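Below is one structure, written out as structure tokens; comments come after it.
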Amino acid sequence: MIKSEISKRAFFISLNNKSGENRLNMSTLNQIYSALEKGETDKNVDVIVIKSELEYFSKGAPIDELVKFNEAESKIYAKLGQNIIKKIREIKKPVIACVCGDTLGGSFEIVLACDLILATSDARFGFDEVNFGLIPGFGGSQIIAKKSHETLAKYLIFTGEKVDAEFLKQYGIFLSTYKDKNELELNLNLLLEKFESKSLFAIGLAKETINNGLETDFNQALLIEQNAFTVAFASNDKIEGMSAFLEKRSPEFKDRWEDFEEIK
């Protein structure tokens, strides 16, 4: 159901379960989490990309399975989804979602957790849980409000309406949308090329700083940034980056977060 492969230092996690409409059953959620862990620790990976092999991303939760869940089982299911959300935010590598077609329920929540989202203009998104007497359970009510604002979160969750990428673009969920899958993949490759010349250590530090800052007040967020800025001065990448600039050459960054995790 989940395929994973490395191409040009990007780790691709692909949903590929046509018979099951890429629905997020417990097995699929566990596979996504395991794939994220693999990409996180692989030194041959600079960026993680989550996408679908089908004409849509995912139809969301398997309602035929959830209807049989009791409270304990539903708690386990929600925790699996939330673990994916937390893992995406904890990984110190950029996590990019590439989306075409329907992206509903829990899959919308997973996409929203990603650092950058690329989508075709006709992709459709929605929290359809209200249609089944439910609410989002993976963290969607919080993520959409943080990425945009309270009013949009309430509208989408209260109505269960499916909206297209162009609608969400005006609320800052996407920087840009693409006319079709070919144009999306072209721009994904251009984005991956941008990362090739950057310090992955600095990107990871920036991701951690932004995410942590969003969870606290402004003065504390400034302190978080100040401390992270200071940490950067202890890195080899800082020396290499500044030396390369002064010597008018391209930098060769080598610091990797996997090395720091090993020290722990």
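The values are calculated or read from the model by the stated rules, or taken from the named source; none is laboratory data. Predicted model, so just to flag it, every value in this text is computed and none were measured. Backbone-built Cβ (ideal geometry, glycine too); neighbour counts: all protein chains shown. Calculation scope for accessible area: heavy atoms of the full protein, side chains included, ligands and nucleic acids excluded. Shrake-Rupley method; radii C 1.70, N 1.55, O 1.52, S 1.80 Å.
The table below gives the values:
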{"quantity": "Which numbered condition Ile84 misses (of (1) under 19 Å from Phe127 (Cβ atoms); (2) modelled with pLDDT of 95 or more; (3) of a type outside the set (Gly, Ala, Ser); (4) touching an Asp or Glu at 6+ places or on another chain (Cβ under 7 Å))", "calculated": "(4)"}
{"quantity": "Verdict on Glu193 being acidic (Asp, Glu), farther than 23 Å from Gln82 by Cα and part of a helix (DSSP H, G or I)", "calculated": "yes"}
{"quantity": "Considering residues of the range 103-128 that are under 23 Å from Leu36 (Cβ atoms) and open to solvent by 20 Å² or more (accessible area, probe 1.4 Å) only, the residue farthest from the chain's Cα centre (by Cα)", "calculated": "Leu116"}
{"quantity": "Matching entry among Ala206, Ala165 (being closer than 16 Å to Pro94 by Cα and surrounded by 15 or more Cβ atoms within 10 Å (Cβ to Cβ))", "calculated": "Ala206"}
{"quantity": "Number of positions in the range 209-225 that are open to solvent by 70 Å² or more (accessible area, probe 1.4 Å) and not in a helix (DSSP H, G or I)", "calculated": "2"}
{"quantity": "Some residue of the range 19-39 being at pLDDT below 95, within 24 Å of Leu191 (Cβ to Cβ) and buried (at least 21 other Cβ atoms within 10 Å of the Cβ)", "calculated": "yes"}
{"quantity": "Close pairs (8 angstrom Cβ cut-off, 6 or more residues apart or separate chains): closer than 18 Å to Gly81 by Cα in the range 142-158, acidic (Asp, Glu) and open to solvent by less than 90 Å² (accessible area, probe 1.4 Å) anywhere", "calculated": "Ile143/Glu109; Ile157/Glu129"}
{"quantity": "All positions within the range 45-70 that are outside any loop (DSSP other than H, G, I, E, B) and open to solvent by 60 Å² or more (accessible area, probe 1.4 Å)", "calculated": "Asp64, Glu65"}
{"quantity": "Per-region count, the range 226-256, residues closer than 13 Å to Gly204 by Cα and either more than 27 Å from the chain's Cα centre (by Cα) or not in a loop (DSSP other than H, G, I, E, B) (or both)", "calculated": "5"}
{"quantity": "Only listed residue being touching a residue at least 24 places away in the same chain (Cβ under 8 Å) and over 25 Å from Ala153 (Cβ atoms), chosen from Lys87, Lys59, Lys43", "calculated": "Lys43"}
{"quantity": "Gly133 of a type in the set (Gly, Ala, Ser), on the phi > 0 side of the Ramachandran plot and in contact (Cβ under 8 Å) with a residue 12 or more places away in the chain", "calculated": "no"}
{"quantity": "Some residue of the range 151-171 being more than 30 Å from Leu66 (Cα to Cα), over 18 Å from the mean Cα position of the chain (by Cα) and assigned to a strand (DSSP E or B)", "calculated": "no"}
